Amino acid sequence: MTDTDYFFGNDETMLAQYAWFSRNSGSMTHPVATRHPNQWGLYDMSGNVWEWCSDWHGADYYQNSPKDNPPGPASGSFRVGRGGSWDRDAGYLRASNRFSLAPAYRYGDLGFRLARTP
């Protein structure tokens, strides 16, 4: 969880050091970890490709959800996308930005994060 505008902090002028987006991407995806990681050592939390999340989308969910680590609605018709992508401007890369996606949606600026524990 972060309480800053972006996953690395609040200074939008630093965004190009942490993310691939419309101003620096050349309209294409880039290899993972070619920008700086955030304070938790995670790469590409903003930009490059939208992150396909397992959370169901609820239009007014955050108005009524727990403030810290809300689990998302128990069910729904749409999933959540976060993080922005190579073809979007800085506003879409804000940590608070999210949008709904139909589960069958496919596009070249959408991906998902694989994670493992040691």
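Readers should treat all values here as calculations from the given coordinates under stated rules, not as data from a laboratory. Everything numeric in this text was worked out from a predicted model, so none of it was measured. In this analysis, Cβ positions are derived from the backbone assuming ideal geometry, glycine residues included, and neighbour counts consider all displayed protein chains.
Okay, here's what the table says:
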quantity: Cα-projected label distance for ALA16 with ASP3, points at 7 Å along beta-carbon direction, nm; calculated: 3.1 nm
quantity: Mean Cα-pair separation over length for the chain, i.e. relative contact order, pairs under 8 Å, 6 or more apart, %; calculated: 30 percent
quantity: Per DSSP, loop trypsin sites (Lys or Arg not before Pro) in region 45-118 with at most 15 further Cβ within 10 Å; calculated: LYS67, ARG106, ARG113, ARG116
quantity: Chain lengthening between ARG113 and SER65 when straightened (0.36 nm per residue, less Cα-Cα); calculated: 14.9 nm
quantity: Cα centroid separation - region 87-101 against region 41-85, whole Å; calculated: 11 Å
quantity: HN-Hα J in Hz across region 105-117 - Karplus 6.51, -1.76, 1.60, θ = phi - 60°, x for Gly and Pro; calculated: 5, 9, 6, x, 10, 10, x, 8, 9, 8, 9, 9, 10
quantity: Whole-number D in µm²/s for the chain (Stokes-Einstein; Kirkwood sum over Cα pairs; 37 °C, 0.692 mPa s); calculated: 221 µm²/s
